[in-house]
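Nothing in this text is a laboratory measurement; each read-out follows from the coordinates by a stated rule. Treat the numbers as computed from the prediction; the structure is a model and nothing was measured. Don't worry about glycine lacking a Cβ; one is built from the backbone with ideal geometry, like all the others, and counts go over all protein chains shown.
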Amino acid sequence: MFLESASRKGWIEVICGSMFSGKTEELIRRLRRAEFAHQRVEIFKPRIDVRYSEEEVVSHNANTIRSTPVDSSQSILLMSSDVDVVGIDEAQFFDENIVDVCRSLADRGIRVIAAGLDMDYLGNPFGPMPALMAEAEYVTKVHAICVRCGNLAHHSHRLTRNDRLVMLGEKDTYEPVCRHCFAELRAQEISEREHREREPEAEK
Ligand code: ZN
């Protein structure tokens, strides 16, 4: 599907999906193929994503590739001179400007491969991902398996009760679930919350 050489270069690929869907593995697979084709590859991730290793893109199954943590999407532009392929992991945590950055890189003839969560734990589109998917030539949605029923999963259900959106993915705090299990879990959480809110009144 993705040619390692083409006459007119420069395009954007997005790999999206829920937690545990294999986004990073797919990103690493494509980047390794580019390296085998003797292309110059640079990989970036937001500095916020330091859960396992400061300078490596690490997937949950510990497949690794060297990467550079950056503070803003603008740094990617500055650090991408003289490369053929730019990989971006955890793209959902970048600022909105990441879309312009990817466009500039692709216009320059660089193949851009961005991987990220397409939805947050509430099922809402995550940060710059929708705009990035619209701009991309190729979008691949990868799926996890629902831990509750075995269907294909595309939601990341958060097990911890905490309203911070930028909680990083760890196996014990998220689980991949399908549409139907997600709806059941959300309904259950909402009714539990309503129950908690009613309780203080009953004590009066
Ligand atoms: Zn399910």
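Summary of values
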{"item": "Amide H contacts under 5 Å for Thr68, placed H, 5+ residues apart", "result": "Ile43, Phe44, Lys45"}
{"item": "Phi to ³J(HN,Hα) by Karplus 6.51 cos²θ - 1.76 cosθ + 1.60 over the range 66-81, Hz, x for Gly, Pro", "result": "5, 9, 10, x, 10, 7, 8, 4, 4, 4, 4, 4, 5, 9, 10, 6"}
{"item": "By average C-beta atoms within 10 angstrom, highest first, the peptides 121-133, 102-114, 74-86", "result": "102-114, 121-133, 74-86"}
{"item": "By average C-beta atoms within 10 angstrom, highest first, the peptides 26-38, 187-199", "result": "26-38, 187-199"}
